Amino acid sequence: MKYLSSPVFLPLPFVLFAGAAFAQEPAPGTIQVGAVYSISNDPYVGDGGLAFPIPNIEYIGDGFTIGVRGATVDLLTEENLTVKAVLQPRLTGLEFQDEDELDGIDRNLTLDLGVTGEYTYGMTFLKATALQEVTREHDGQELSFEIGQRLRAGPVILEVSGGGIFRSADLNDHLYGVRDNEVRPGRPSYSPDADLTPFVSAGVILPLSDRARAFSRVRYEVLSEAATDSPIIEEDERVEIAFGVGYSF
């Protein structure tokens with residue numbers, strides 16, 4: 001089982017979702033620290049699965065945040081609508097591969113710049129995010145949308161949601177393409193098209209004190225043919241379970 005510092009296809013905010021999605025907006029000057037452990041199947045050939053701990057530290061400023069997950073800047077803050085500029089890292093899992101089946105394939109960490117917004121109506125929420133890669137590694141784009149419901153059971157908060165992620169052909173090539181210089185016997189060249197990946201997820205957060213909380217989340221994705229037709233992909237779905245703790249001071 002491989003140990004990484006980031007999930008294969010998911011941005012860090014998913015794994016560390018509990019920081020802002022369920023809690024009241026922290027006051028400027030707050031520091032949030034925590035740790036998340038994530039377990040998932042790995043769709044790449046030769047891998048049985050992924051398991052990795054992720055430490056988290058984030059500083060909440062006046063209209064901005066910065067930390068392990070990246071950085072955000074508030075663009076619009078209304079009662080039911082928030083819009084933020086985001087800068088976040090992306091890892092694919094290929095940066096750390098050591099399997100024979102993936103020999104000769106390597107990817108670098110990239111940065112995505114974009115805008116994310118969330119509209120709430122009671123306990124229902126709608127999120128949308130648009131990202132553009134800015135490190136000139138692949139020049140790909142990603143658009144995502146999600147609709148969900150938050151529920152309270154005493155101090156416990158539950159969240160269920162579903163949505164989709166559109167990835168451009170350039171981003172898909174970065175994730176599961178095979179370039180001409182990466183061709184090997186039994187591994188032909190492959191240039192994927194753009195695709196849409198649906199997902200569903202469920203999460204829970206349990207306050208431990210005024211400043212501490214425990215949380216967990218499960219997410220299920222169905223990979224598109226653009227992914228499953230790749231010679232370096234052997235799964236047609238992805239399941240991730242993440243759990244951890246967080247503390248604010």
In region 42-64, residue most open to solvent (accessible area, probe 1.4 Å) [restricted to those that are at pLDDT 85 or above and in a loop (DSSP other than H, G, I, E, B)]: ASP62
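Quick one: in region 210-249, of everything that is within 19 Å of ILE31 (Cβ to Cβ) and free of Cβ contacts under 8 Å to residues at least 60 places away in the same chain, which residue is most open to solvent (accessible area, probe 1.4 Å)? Break it down stepwise before answering.
Restricting attention to region 210-249, the residues satisfying the condition of being within 19 Å of ILE31 (Cβ to Cβ) are 210-215, 244-249.
This time we only want the ones that are free of Cβ contacts under 8 Å to residues at least 60 places away in the same chain, so: 210-212, 214.
On the way: ASP210: 164, ARG211: 122, ALA212: 21, ALA214: 28 Å².
Filtering region 210-249 for residues that are within 19 Å of ILE31 (Cβ to Cβ) and free of Cβ contacts under 8 Å to residues at least 60 places away in the same chain, the one most open to solvent (accessible area, probe 1.4 Å) comes out as ASP210.
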Condition first: modelled with pLDDT under 95, closer than 27 Å to ALA128 by Cβ and hydrophobic (A, V, I, L, M, F, W, C). Can you find one or more residues in region 170-184 that meet it? yes
Members of region 177-189 that are crowded, with 19+ Cβ neighbours inside 10 Å and free of Cβ contacts under 8 Å to residues at least 60 places away in the same chain: GLY177
Only residues that are more than 22 Å from SER168 (Cα to Cα) and among the small types (Gly, Ala, Ser): list them for region 198-249, please. SER201, ALA202, GLY203, SER209, ALA212, ALA214, SER216, ALA242, GLY244, GLY246, SER248
Can you run down the residue pairs with Cβ atoms below 7 Å, 6 or more apart or on separate chains, where the first is in region 97-119 and basic (Lys, Arg) and the partner is open to solvent by 20 Å² or more (accessible area, probe 1.4 Å)? ARG107/GLU95
If a residue has to be touching a residue at least 60 places away in the same chain (Cβ under 8 Å) and of a type outside the set (A, V, I, L, M) to count, how many in region 146-175 make the cut? 3
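For region 192-204, which positions are surrounded by 14 or more Cβ atoms within 10 Å (Cβ to Cβ) and more than 18 Å from the chain's Cα centre (by Cα)? Walk me through how you get there before you give the answer.
Restricting attention to region 192-204, the residues satisfying the condition of being surrounded by 14 or more Cβ atoms within 10 Å (Cβ to Cβ) are 192, 194-195, 197, 199-204.
Scanning region 192-204 gives PRO192, ALA194.
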Residue pairs within 9 Å by beta carbon, gap of at least six or interchain, first lying in region 68-82 and on the phi > 0 side of the Ramachandran plot, second surrounded by 11 or more Cβ atoms within 10 Å (Cβ to Cβ) and of a type in the set (D, E, K, R), listed first then second, are GLY70/ASP112
Kindly provide the set of residues from region 192-209 that are in contact with a strand residue (DSSP E or B) (Cβ under 8 Å, 6 or more places away or on another chain) and either among the charged types (D, E, K, R) or without any contact (Cβ under 8 Å) to a residue 24 or more places away in the chain (or both), ordered by number. ASP195
Of all residues making up region 58-75, the number that are closer than 13 Å to LEU87 by Cβ and of a type in the set (Phe, Trp, Tyr): 1
Identify, please: which residue in region 137-153 is in a strand (DSSP E or B) and within 22 Å of ASP193 (Cα to Cα) and is, among those, most open to solvent (accessible area, probe 1.4 Å)? PHE145
Scanning region 88-136 for residues that are assigned to a helix (DSSP H, G or I), of a type outside the set (D, E, K, R) and open to solvent by less than 50 Å² (accessible area, probe 1.4 Å), the one modelled with the highest pLDDT turns out to be LEU102
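The values are calculated or read from the model by the stated rules, or taken from the named source; none is laboratory data. The structure presented is a predicted model; accordingly, all values stated were derived computationally and were not measured. We place every Cβ from the backbone using ideal geometry, glycine too, and count neighbours over all the protein chains shown. Each accessible area value is taken on the protein alone, full model and side chains, heavy atoms only, with ligands, DNA and RNA left out. Shrake-Rupley method; radii C 1.70, N 1.55, O 1.52, S 1.80 Å.
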